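Single-structure report; data block below.
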Amino acid sequence: MSEHPVVLVHPPRGDGGRRVTVHGEAIGTAMNLVDVVEFLRRAGLEFDENEVVVSPLIEWRGGSPSYWGPEPRR
């Protein structure tokens, strides 16, 4: 595999889901890390929950892997 990101996890949508793309192709909308792992598995990429957080092959846009939706209103 190349050293640059091939997977993009896009910023959270209003519902808290994050679109996941591999090489520019949408593979699903994840609601959590488990979903990201499953979508990648289906795309032929084997990562576990710890690996998706730190892999240089995955770029997290619009927030860290722990951020899945808008901040709570105060």
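Just a few scattered comments:
- Annotation note: of Glu59, Glu38, the sole residue that is touching a Pro at 6+ places or on another chain (Cβ under 7 Å) and either modelled with pLDDT of 95 or more or part of a helix (DSSP H, G or I) (or both) is Glu59.
- Test: residue in the range 19-34 that is surrounded by 14 or more Cβ atoms within 10 Å (Cβ to Cβ) and assigned to a helix (DSSP H, G or I): yes
- Meets criteria (assigned to a helix (DSSP H, G or I) and of a type outside the set (Val, Ile, Thr)) for Asp15: no
- Residue count for the range 58-74 under the criterion of being of a type in the set (A, V, I, L, M, F, W, C) and within 12 Å of Thr21 (Cα to Cα): the result is 2.
- Hey, Val6 under 17 Å from Pro65 (Cβ atoms) and either hydroxyl-bearing (Ser, Thr, Tyr) or at pLDDT 95 or above (or both) or not: no
The values are calculated or read from the model by the stated rules, or taken from the named source; none is laboratory data. It should be emphasised that the depicted structure is a prediction, and the values quoted were computed from it without experimental measurement. A quick note on method: Cβ atoms are made from the backbone with ideal geometry, for glycine too, and the neighbour counts reach across all protein chains shown.
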